[in-house]
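Visitor: Here it is: the structure, laid out below.
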Amino acid sequence: MANSSFSGSENMVQETFFCDFGHKEIQSRAEELRKGKNGQTELAKAVFDYVRDEILFGFDQYQVKASDTLQKGYGMCSNKALVMVAFLRYLRIPSRLSHIPIRRDFLKLLWGSWYLTMAKKLNHVVAEVYLNEKWIAVDPTLDQKSYENLYLPLGIHWGIDWNGIDDSLLFKEHIAGSVEPYSDIDKALRSNADNTLPPKFILIPFLKFINRKMWKKSGIK
């Protein structure tokens, strides 16, 4: 369960270099999501559903602005969590970027034996939202189509929905610790969420290859 204490509330609605909710496209989409919603919980759930399904799951770099991920239309854990935080902060709902240690085995399904090139434990990035006097950890990484076509056929049933009340985390069988917040979003992303990665000239072509393979298998592209 996410840490329930609340401090530094003014920092949890601030814009940053990567969390650029001042961008007109983020504001426009957020205003559309605001329409007809009653209360922060209903609005936060609408933001989660939008980010989860309208931004496809696909690997990218950590150093991507929220507005750029929104325009690309795809992203990995850090990219999609950041977009969710950007929407929420624009809507004045306190939120933050956090991480949870996860065993590298969670990459095996998508990366094959290449997952062995990563550290044994990685920091998986999630979003946290402050609702009803507690922090709630949510993970919008997997869109519905990716989950149904890549994970459900293997009997993986942890689900990707969020009820607006409880934590909603993915890859539960690989989680190796508790959710911890980043105090500085931009610093966290510039440090690859404190993960050690291959050089970019190797990493970027590899991620593009994995995305093409994954999207073809899931029937997305």
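The values are calculated or read from the model by the stated rules, or taken from the named source; none is laboratory data. This structure is a prediction, so every number in the text was calculated from the model and none was measured. Positions of Cβ are backbone-derived with ideal geometry, glycine not excepted, and every protein chain shown enters the neighbour counts.
Visitor: May I ask you to list the residues in the stretch 199-213 that are more than 20 Å from residue 55 (Cβ to Cβ) and surrounded by 13 or more Cβ atoms within 10 Å (Cβ to Cβ)?
Guide: 203, 206
Visitor: Residues in the stretch 125-184 that are farther than 23 Å from residue 56 by Cα and of a type in the set (Lys, Arg): how many?
Guide: Selection size over the stretch 125-184: 1.
Visitor: Would you pick out the residues in the stretch 127-146 that are surrounded by fewer than 21 Cβ atoms within 10 Å (Cβ to Cβ), touching a helix residue (DSSP H, G or I) at 6+ places or on another chain (Cβ under 9 Å) and not aliphatic (A, V, I, L, M)?
Guide: 132, 144, 145
Visitor: Further question on the same structure: Which ranges mark the strands (runs of 3 or more DSSP E) fully within the stretch 70-148 that have 2 or more residues being within 10 Å of the chain's Cα centre (by Cα)?
Guide: The qualifying strands (runs of 3 or more DSSP E) are 95-103, 121-131.
Visitor: State all residues of the stretch 152-210 that are among the acidic types (Asp, Glu) and in a loop (DSSP other than H, G, I, E, B); if no residue qualifies, say none.
Guide: Once the filter is applied, which keeps residues that are among the acidic types (Asp, Glu) and in a loop (DSSP other than H, G, I, E, B), the stretch 152-210 yields 161, 166, 167, 184.
Visitor: Please go through the stretch 194-221 and give me each residue that is aromatic (Phe, Trp, Tyr), touching a residue at least 60 places away in the same chain (Cβ under 8 Å) and farther than 19 Å from residue 152 by Cα, ordered by number.
Guide: Listed by number, the list holds a single entry, 206.
Visitor: Find the residue count for the stretch 164-183, including only residues that are without any contact (Cβ under 8 Å) to a residue 24 or more places away in the chain and either touching a strand residue (DSSP E or B) at 6+ places or on another chain (Cβ under 6 Å) or over 15 Å from residue 106 (Cα atoms) (or both).
Guide: The total comes to 1.
Visitor: Scan the stretch 53-103 for residues that are basic (Lys, Arg) and touching a residue at least 60 places away in the same chain (Cβ under 8 Å) and jot them down.
Guide: Hits for the stretch 53-103 are 80, 89, 92, 96, 103.
Visitor: Within the stretch 53-70, work out how many residues are surrounded by 23 or more Cβ atoms within 10 Å (Cβ to Cβ) and touching a Ser or Thr at 6+ places or on another chain (Cβ under 8 Å).
Guide: 1
Visitor: Test residue 122 against the criterion of being closer than 20 Å to residue 187 by Cβ, in contact with a Phe, Trp or Tyr (Cβ under 6 Å, 6 or more places away or on another chain), crowded, with 24+ Cβ neighbours inside 10 Å and of a type outside the set (Lys, Arg), and give yes or no. Before you say what the answer is, go through the steps one by one.
Guide: Numbers: closer than 20 Å to residue 187 by Cβ: yes; in contact with a Phe, Trp or Tyr (Cβ under 6 Å, 6 or more places away or on another chain): no; crowded, with 24+ Cβ neighbours inside 10 Å: yes; of a type outside the set (Lys, Arg): yes.
No: the conditions fail for residue 122.
Visitor: Cβ contacts < 7 Å: first residue touching a residue at least 12 places away in the same chain (Cβ under 8 Å) and over 15 Å from residue 70 (Cβ atoms), restricted to the stretch 13-28; second residue surrounded by fewer than 17 Cβ atoms within 10 Å (Cβ to Cβ) and not aromatic (Phe, Trp, Tyr), any location; separation 6+ or different chain. Result?
Guide: Cβ pairs passing all conditions: 13/92; 16/186; 17/186.
Visitor: Could you grab me the full set of residues in the stretch 16-60 that are in contact with a strand residue (DSSP E or B) (Cβ under 6 Å, 6 or more places away or on another chain) and of a type in the set (Ser, Thr, Tyr)?
Guide: Listed by number, the list holds a single entry, 41.
Visitor: While we're on this one: Scanning the stretch 71-113 for residues that are of a type in the set (Lys, Arg) and modelled with pLDDT of 95 or more, which turns out surrounded by the most Cβ atoms within 10 Å (Cβ to Cβ)?
Guide: Narrowing the stretch 71-113 to residues of a type in the set (Lys, Arg): 72, 80, 89, 92, 96, 103-104, 108.
Among the residues that remain, those that are also modelled with pLDDT of 95 or more are: 72, 80, 89, 92, 96, 103-104.
Values: 72: 14, 80: 30, 89: 24, 92: 10, 96: 25, 103: 18, 104: 17.
That would be 80.
Visitor: Go through 177, 164, 155 for me and flag whichever is at pLDDT below 95 and surrounded by fewer than 22 Cβ atoms within 10 Å (Cβ to Cβ). Before you say what the answer is, go through the steps one by one.
Guide: Details: 177 fails: at pLDDT below 95; 164 fails: at pLDDT below 95.
Only one candidate passes the filter, namely 155.
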